[in-house]
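Just so it is clear, none of the values below were taken in a lab; they were calculated from the coordinates. For clarity, every value in this text was computed on a predicted model and none was experimentally measured. Cβ coordinates were reconstructed from backbone atoms using ideal geometry, including for glycine residues, and neighbour counts include every protein chain displayed.
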Amino acid sequence: MRSLLIPLVIVGMLGSSPRTQTPSQTLDAYVIDVEGGEATLFVSPSGESMLVDTGWPGFDGRDADRIAVVAREAGIKQIDYLVVTHFHADHMGGAAQLAARLPLRRFIDHGTTVDRGDAAQAAFQAYAEVRRQGVHVEAQPGDKIPIAGLSVRVIAAGGSVLRSPLEGAGMSNALCGPFTFQGPEITSRAADAEDSRSVSLSVAYGAFRTVIMGDLTWNKEHDLMCPNNNVGTVDVYLVSHHGSETSGSEALVHALGPRVAIMNNGPRKGGAIQTFQILRASPGLEDLWQNHYSVPGGEQHNRPEAFIANLEDSRPAAPATQPPPVHMGAANWIKLSAQADGSFTVTNSRTAYTKRYAAQRR
Ligand SMILES: [Zn+2]
Ligand SMILES: [Zn+2]
């Protein structure tokens, strides 16, 4: 009953947005450097914006500043939809500082934190306070986020996953048989409960498809992708969980079959060797782009510099007795720009190097 009602509610409550810029012919997504957190800004051809996650709190508003810089670059003056994938500080933490820089109109998340403890509760309350200033919708799998010209669907939220296939999807997934679950040493970690509840989205523009999944966990990927792949294939995979080894299974990544992957890792956050290996083995993958050089990845796994937005922390780790620097570099971003025919470009803002990917028959 709930799954039938909520899509109507979400569309009705969220309404449609005023157009905030001249319509373009592309869906643009900016993968913003928030030093191992996540923040990805989508700008639709209609000029509506959807920010998925807000980076970290603190640091004098460092991450909110970086998002505001990209918003200005993208020509948007407000965030029409803020999707907070889950209530970890590296995803929701920048919301209050961002609200002081840009109006945040609508908030979509999985409801309430499941993390206990004073620090987690205080961080959640700070976000909930900001959320009260706009329209709040608790996402359910299958919901549509009504951005004109796009098809944005919730594929996971609050620990539940999509139960019926998206258009063109639903094929059986041969990678479910060999799937190896991660054991209790991982799933009993405190972080796992929130990560597994991440709001995850499929975003389509014409023939172009991508997914963004917050920190959705390896084992939850099995729920989503097995026995049938209800998500279908994508052109671009925005790599889950910063490229950590607790997400990004073959059953997800190889079944999505992306041509390009873009990883929002930090120098020492995510960017795991296992993630590089699974991506490299993914059928049809042409390129991996990285937000940062990955220290664990080393020379063997990191892509050539042209595909890495931020190189500054490629030096060996500082002694553990020293705190990490607050500002760690130029905060370059990776821009994805997709056409309705399924062709797209990816640009490294550090060098302005752009690679074009021609439309391909799915
Ligand atoms: Zn997390
Ligand atoms: Zn995270």
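Between amide H atoms placed 1.01 Å from N, distances below 5 Å from A261 occur with Y237, D287, L288, W289, all of them 5 or more places distant or on a separate chain. Less than 5 angstrom separates the built amide H of S343 from those of A359, all sequence-distant by 5 or more or on a different chain. With contributions of -39500 (n - 2.57) from each DSSP H run of at least four residues, the per-residue ellipticity at 222 nm computed over the chain stands at -6500 deg cm²/dmol.
Normalised by residue number, the volume inside the convex hull of the Cα atoms of the range 240-314 is 71 Å³ per residue. Karplus-based coupling profile of the range 74-84, in residue order and whole Hz: 7, x, 10, 10, 7, 9, 5, 9, 9, 9, 9, with θ = phi - 60° in 6.51 cos²θ - 1.76 cosθ + 1.60 and x standing for Gly or Pro.
Residues within the reach of a label modelled at A207 (point 7 angstrom out along Cα to beta-carbon, backbone nitrogen below 20 Å), restricted to the range 330-362, are 336-346, 355-362.
In the calculated pair distance distribution of the range 71-225, what percentage of Cα-Cα distances lie above 25 Å? Tail of the P(r) past 25 Å holds 35 percent of the pairs.
Compute the Cα gyration tensor for the chain, then decide on rounded, prolate or oblate, letting a ≥ b ≥ c be the square roots of its eigenvalues: rounded whenever a/c is under 1.5, prolate when a/b is larger than b/c in the other cases, and oblate in all that remain. Verdict is rounded for the chain.
Bridges between two residues of the chain, per DSSP, are antiparallel at a rate of about 65%. Length gained on full extension, D223 to C176, computed as 0.36 nm times the residue gap minus the Cα-Cα distance: 15.9 nm. For L224, the shell of other residues with beta-carbons less than 13 Å away shows a net charge of +2, using +1 for Lys and Arg and -1 for Asp and Glu.
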